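Worksheet: the structure to be examined is printed underneath.
The values are calculated or read from the model by the stated rules, or taken from the named source; none is laboratory data. Please read all numbers here as calculations on a predicted model, not as lab measurements. For neighbour counting, all protein chains shown are included, and Cβ atoms are generated from backbone atoms with ideal geometry for every residue, glycine included. The accessibility values were calculated without ligands, DNA or RNA, using every heavy atom of the protein model including side chains. Shrake-Rupley method; radii C 1.70, N 1.55, O 1.52, S 1.80 Å.
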Amino acid sequence: MGRNPCSGAREDDGGLGGLTQGNLAVTPGQVLNLFVGGQAPDVGNVTPAPGGFNGGGDGGQYGAGGGGATDVRVGGTALADRVAVAGGGGGGNTAAPTTAPVAVAAVPAAMLA
């Protein structure tokens, strides 16, 4: 199942990224580290398609990778230092071929009632 290559280009139908907002008390001279999530690269029909910078998930057989998160970190640059995070958007599809094998299972009529 799913061994046919996908001939389509990555499409722009992925999900939008998240939004976060709030108030953060800061002091003059305090360092805030801002990590801006990256868009997943368009690598054509490579599986898995890599996700974007800062945690974007890899795409599957017919999907592009997702975008990375954007976050603010206080006290360092480790993931544990995050104080605000907005998730990256989901990856688009690659117009999977209509000739891909489809799994069909027989379902007894009694189960449909």
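Taking interchain pairs and intrachain pairs at least six residues apart, which have beta carbon atoms under 7 angstrom, with the first residue in segment 39-63 and more than 24 Å from ASP81 (Cα to Cα) and the second open to solvent by 40 Å² or more (accessible area, probe 1.4 Å) and outside any loop (DSSP other than H, G, I, E, B)?
TYR62/ASN93; GLY63/ASN93
Within the group THR20, THR47, which residue is hydroxyl-bearing (Ser, Thr, Tyr) and at pLDDT 90 or above?
Details: THR47 fails: at pLDDT 90 or above.
Of THR20, THR47, the one residue that is hydroxyl-bearing (Ser, Thr, Tyr) and at pLDDT 90 or above is THR20.
May I ask you to verify whether GLY22 is touching a helix residue (DSSP H, G or I) at 6+ places or on another chain (Cβ under 9 Å), of a type outside the set (S, T, N, Q) and within 15 Å of ALA84 (Cα to Cα)?
no
Can you report the number of residues in segment 68-89 which are part of a loop (DSSP other than H, G, I, E, B) and touching a residue at least 60 places away in the same chain (Cβ under 8 Å)? Step through it out loud before you land on a result.
Of segment 68-89, the ones part of a loop (DSSP other than H, G, I, E, B) are 68-69, 75-78, 87-89.
Checking which are touching a residue at least 60 places away in the same chain (Cβ under 8 Å) leaves us with 87-89.
The number of residues fulfilling the criteria is 3.
Taking GLY92 as the residue in question, decide whether it is at positive phi, at pLDDT below 90 and either open to solvent by 40 Å² or more (accessible area, probe 1.4 Å) or not hydrophobic (A, V, I, L, M, F, W, C) (or both).
Values: at positive phi: no; at pLDDT below 90: yes; either open to solvent by 40 Å² or more (accessible area, probe 1.4 Å) or not hydrophobic (A, V, I, L, M, F, W, C) (or both): yes.
No; evaluated as a whole, the condition is false for this residue.
Tell me yes or no: at least one residue of segment 96-104 is assigned to a loop (DSSP other than H, G, I, E, B), under 21 Å from the mean Cα position of the chain (by Cα) and at pLDDT below 95. Give the derivation first.
First pass over segment 96-104, keeping only residues assigned to a loop (DSSP other than H, G, I, E, B): 96-104.
When the remaining residues are screened for being under 21 Å from the mean Cα position of the chain (by Cα), the result is 96.
Checking which are at pLDDT below 95 leaves us with 96.
Yes, the conditions are met somewhere in segment 96-104.
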